[in-house]
Amino acid sequence: MEFTTLSIAESLFLLPMTALFLTACIPITLKVLNKNIEPSNRLTLSIATVGIIVVAVLTKLQGLNPSPLFFGALIFDKMAQEINHTVLAITLFTLFLSYSNVNTKEHTLAEHVFLVLSSATGMMTLASSTDLMVTFVGLELMSIALYVLIALGHEQRFSKEAAFKYFILGSFASAIFLFGVSFIFGVSGTTQMHVIANSAQSLLTNNNLFIIGVGMIIIGIGFKVSLFPFHAWTPDVYQGAPTPVSAFMATGVKLVMFAAFIRLAMDNFFNGSTKLNLIMQILAVLTMFAGNISALVQENVKRIVAYSSVAHAGYMFIGIIAASQASSLDAATATLFYVIIYAVMNMGAFAVISIFERQNRDGLNINNYAGIGFKKPFLGAALSIFMLSLAGMPPMVGFIGKFYVFSSAIQEGYLWLTIFGVLNSLVSAYYYLRVVVIMYMKEPSDEEIKTPGAWPAKAVVAITAVLTIIFGIMSQAIYRPSEKSVTKISQK
Amino acid sequence: MILSLVTFLPLVVGLVLLFFKSDKFVKIAALLLAVAEFVLSLALLKNFDSTTASLQFVEKYDWIPQFGISYFIGLDGISLWLILLTTFLTPIIVLASWNAIDKKIKAFHAALFILQTAMLGAFVAIDSVLFFVFWELMLVPMFLLVGIWGGEKRIYAAYKFFIYTMVGSIFMLVAIITLMAMAKTQLGVMSASLLDFYKLQIPLQAQHLMFLAFALAFAIKVPIFPLHTWLPDAHVQAPTPGSVILAGVLLKLGTYGFIRFAIPLFPLAVEYFSIYFIILGVFGIIYGALVAMVQPDMKKLVAYSSVSHLGYCVLGIFALNTEGVTGSLYQMLNHGISTGALFLLVGMIYERTHSREIANYGGLAKVMPLFAIFFFITTLSSIAVPGTNGFVGEFLILLGAFKANKIAAALAATGMVLGAVYMLWMYKRIFFGLPGKLLTGHHELKDLNKREVMVLVPLMILIFVMGIFPNLFLDKTKASIEGFLKNNNQMQVSLNK
């Protein structure tokens, strides 16, 4: 389908995003109409759940369109669809957690739902974007909702501090991203990624302005996925934000931002400059070390998971580096696989943390987990599964993900990067095991642990734990679709 | 089908047992199912064709086809006995832990059975990635066994075990991936099958590096001096069942890995490095024996004797001749049985007195005659007295070693003397002489009860059967070992040209 002017058929592709945004508005409108009296949490959650399912079905029904629409701004290909479905699942799980979490469930769930779904709309935009400006719009749409979400926790000090920190630094990063786009526009005369793809390789070899532009884009996206040295906000913000929001950021934001990285890699943005390539390799290695080594000494579980998410950004970035060399489809598939399965297991880990969280950020210290493995066998086993999967132990899916990324890196000739990667796995094993050790091998406190009304969060734990194992054994279930979805748009 | 059944039955049992309430029922069910598993594995022995070196009971299904990874398992004469050793020891361990494990009984059995599946899987896997999956799967249950049911410094020991093993395995993973990438360039398709790896023409330098990567993983597991330091900690802190399984089977995966992976894959590297491994093996024999001699703690003494015994295995393997490799394989089984029995015996006395200090004992033979007899038989086996299984293994290894390197063999032979010194000296101090501190005190020591006798008798029978009729066992392995050596020589010759 080629469109010269905007037609109705073309506009229909926006239906899912629109529907998601409309869903976002329902609970909060109800609240306003009802003189600011909150609709019941159950009603809010039901509306959102139905809305998300409808949007997921719409995304599936609208079919695919392999070339960019809206004058080259958005694409609705298989990758966009796969990512959108994952984003929707993440959003649904996040809301399940919000429904049960002490920090979000009481007064402001309607606002919370509105913001999460708006942010998800931004994520869907990002997944489809083929234009750097649209990427920027999606990024801001996603982020601005997040700034408010972080501040929305009932707990006062940390949450506000985190929101402010993320807002200031995030604005900087967005500005740098935009600055980079202007460089690229200045050199190539367009902001459409698939058009730039044709000349990117030669520009990267002989045009320094273009390299600077690409570098700034890496900084902008790298901030959101917490690459070293733009990762410093991660632990503070993950710790300060309400746990469901941390989960949403660690899974959703990483997913779509790495999708953007994959699209850039497929469009030759990182292919051609050895200098840029070297810098990216250094970033990947430093990111892994920064995340893993800092995680070793943390006492707060949310900070442990936050630093682990920094480290995982490093592993994923190895995949991006491998994919950028000659735009390797295998490596891109491996990266996409890794990002998706990372979302599954990390969501599970946050879900368990969210269940154990108490009023006034109690219950987040790692020593609060002493003896939980035998007191709460189901949650303990699930958290062990997530931790071991994050550490890359077979037969959990985390191992398969690392295996794919590392083997694609070796095939593209990045043996050293892989060795750094496996060394980091070794370092990380210590702090993931530490959680298991405390849960199973330390004497429990006498305090009874109650988890009332947490069934939606427990459902999330159960689903993600089962998926973590099933995808580990049957990784084809994700690899095959991912393999089909990663394509080079420019060659069509 | 039967091989998969044998491999995965324990896993299913372990997971199902978690859902039962009654501890007593779990124990009985675990024992019966472990025996059933052993009987099932005997079917493998019965249907095993000992005339061929090729793989038997092969099952192959695609697992991750785009990477050429398959669910590919099979059995030959080398892995056959190790599998039987595993299934044989499990019911004994379950029975031995009847009273020794007094908390979290369900979780204990689950960990034990999952560990059993992981070990069996590692022995039967022919696909390298599948092997790696099972290899890593062993870590977590063993980590839990040491960390939850272990002694005072159990958490430290558990970490040490885990991290040491992982250091080795991560480099092995890199080597496996590199081999897979090589398969893609040389054979046209990516493959993780060991049989495809055997066909590769690997350049010399790559052989050296990858051999070292594999060897590191296996050497830590064996353990070869100087990578052995995790073993005494793990053994001393682990509960008796954990020690038995660690010494009995887990360590064998290291030596098995050399035979299955490191040596046949990289013949040129082996040619270059084998002398170093012979030196390390001999050093381990003597060093382990000397350190064992001065240990005040029985369990630590047995742990260091493991280092010494496994030095023999390494020496035999790197002698690279029929006698050496056969002896080495035999020694693996011997060590599983005699050291397993020693750990069980130490555990039994520890249950009664809560002390493992040798100096606290003395004159025990009078108080616990039955115990003294079992301990004596095991000691004889451990120091390789003719007529016991230990003799056959060590004799074959020394025979092989003489062919390969006379000095190494001569030095290794001194290890046999040292072995007699530390074992008999310990025996003397515990069982003879004046009653020790613990016996003059208040409590009466009871001799072994029926359950404990039942635990030990099968092991004692095997000690003599294996010592007197070694051919019962060696016949099955002959073809496979000759095949292994022939391939290796051919590959060295063809690559050297």
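The values are calculated or read from the model by the stated rules, or taken from the named source; none is laboratory data. Model, not experiment: these values are computed from the prediction. Cβ coordinates were reconstructed from backbone atoms using ideal geometry, including for glycine residues, and neighbour counts include every protein chain displayed. Protein only, heavy atoms only, side chains kept; ligands, DNA and RNA dropped before computing areas. Shrake-Rupley method; radii C 1.70, N 1.55, O 1.52, S 1.80 Å.
Near A:Phe228, the amide H atoms lying under 5 Å from its own belong to A:Thr287; only residues 5 or more places off or on other chains count, and H is placed 1.01 Å from N.
Taking a ≥ b ≥ c as the square roots of the eigenvalues of the Cα gyration tensor, segment B:266-497 is classed as prolate, since a/c reaches at least 1.5 and a/b is larger than b/c. The HN-Hα couplings worked out from phi for segment A:253-264 by the Karplus form 6.51 cos²θ - 1.76 cosθ + 1.60 (θ = phi - 60°) are 4, 4, 4, 6, 5, 6, 4, 4, 4, 5, 4, 5 Hz, whole numbers, x standing for Gly and Pro. Anything losing 50 Å² or more of accessible area from the isolated chain to the full protein assembly: pick those residues out of segment A:363-402, probe 1.4 Å, ligands and DNA/RNA ignored. In segment A:363-402, residues shielded by partner chains: A:Phe374, A:Met393, A:Pro394, A:Phe399.
The H on the amide N of B:Phe266, modeled in the peptide plane, is under 5 Å from the matching H of no residue at least 5 residues off or on a different chain.
Each residue of segment A:230-242 is assigned a 3J(HN,Hα), and the resulting list reads 9, 9, 4, 6, 3, x, 5, 6, 4, 6, x, 5, x Hz, derived from the Karplus form 6.51 cos²θ - 1.76 cosθ + 1.60 (θ = phi - 60°), x at Gly and Pro. Legend: residues A:Cys25, B:Cys313, sorted from most to least accessible area (1.4 Å probe; ligands, DNA and RNA excluded), read A:Cys25, B:Cys313.
Rounded, prolate or oblate: which fits segment B:81-127 when a ≥ b ≥ c are the square roots of the eigenvalues of the alpha-carbon gyration tensor, with rounded for a/c under 1.5 and prolate only if a/b beats b/c? Oblate is the answer for segment B:81-127, as a/c is 1.5 or above yet b/c matches or exceeds a/b. Remark: segment B:41-55, residue by residue, has Karplus-estimated 3J(HN,Hα) of 6, 5, 4, 4, 4, 5, 8, 6, 9, 8, 8, 10, 8, 7, 6 Hz, where x stands for each Gly or Pro and the curve is 6.51 cos²θ - 1.76 cosθ + 1.60 at θ = phi - 60°. Between segment A:225-296 and segment B:1-69, what's the alpha-carbon centroid distance in Å? Rounded to whole Å, the Cα centres lie 43 Å apart.
For the protein assembly as shown, compute the orientation-averaged projected area of the C-alpha convex hull (one quarter of its surface), in nm².
Spelled out: convex hull of the Cα atoms, projected over all directions, averaged, 41.1 nm².
Cross-link pairs exceeding 26 Å in C-alpha to C-alpha distance, out of A:Lys302/A:Lys375; A:Lys450/B:Lys160; B:Lys299/B:Lys428, comprise A:Lys450/B:Lys160. Shielding of peptide A:438-445 by partners, expressed as the average count of other chain Cβ atoms within 10 Å per residue Cβ, is 2.
Between the beta carbons of B:Asp447 and B:Trp425, assuming R0 = 30 Å, the FRET efficiency works out to 0.80 to the nearest 0.05. Please report how far the C-alpha centroid of segment B:120-138 lies from that of segment B:393-445, rounded to the nearest whole angstrom. For segment B:120-138 versus segment B:393-445, the Cα centre distance is 34 Å. Counting Lys and Arg as +1 and Asp and Glu as -1, each charge on the Cβ, what is the dipole of chain A about the Cα centre in debye, to the nearest 20? Computed about the Cα centre, the dipole is about 360 debye. Among B:57-68, B:286-297, B:124-135, sorting by the average number of other beta carbon atoms lying within 10 angstrom of each residue, highest first, gives B:124-135, B:286-297, B:57-68. Packing order of peptides B:413-419, A:69-75, B:339-345, highest average first: B:339-345, A:69-75, B:413-419 (average count of other Cβ atoms within 10 Å over each peptide's residues). The modelled label-to-label distance between B:Thr51 and A:Phe164, using points 7 Å beyond Cα along the C-beta direction, is 8.6 nm. Rounded to the nearest 20 debye, the dipole magnitude of chain B is 720 debye, with +1 charges on Lys and Arg beta carbons, -1 on Asp and Glu beta carbons, and the Cα centre as origin. Among rounded, prolate and oblate, which fits segment A:8-491 when a ≥ b ≥ c are the square roots of the eigenvalues of its C-alpha gyration tensor, a/c under 1.5 means rounded, and a/b larger than b/c means prolate? It comes out oblate by the Cα gyration axes.
Once backbone amide H atoms are built at 1.01 Å from N, A:Leu69 has A:Leu74, A:Ile75, A:Phe76 as its partners under 5 Å, excluding neighbours fewer than 5 places away on the same chain. The relative contact order of segment B:1-75, computed from alpha carbon pairs under 8 Å that lie at least 6 residues apart in sequence, is 28 percent. Its relative contact order, with pairs defined as Cα atoms under 8 Å and 6+ residues apart, puts segment A:8-491 at 16 percent. Note on B:147-157: average number of Cβ atoms from other chains within 10 Å of each residue's Cβ is 2. Once each part is reduced to its C-alpha centroid, what is the distance from segment A:141-199 to segment A:83-138 in angstrom? Between the Cα centre of segment A:141-199 and that of segment A:83-138, the gap is 16 Å. Pairs with C-alpha atoms separated by more than 24 Å, drawn from the list B:Lys366/B:Lys437; B:Lys153/B:Lys300; B:Lys300/B:Lys437; A:Lys458/B:Lys153, are A:Lys458/B:Lys153. In the protein assembly as shown, the calculated helix contribution to ellipticity at 222 nm averages -25000 deg cm²/dmol per residue, counting -39,500 (n - 2.57) for every DSSP H run with n ≥ 4.
Neighbouring Cβ atoms from other chains, within 10 Å of the Cβ of residues in B:162-174, number 5 on average.
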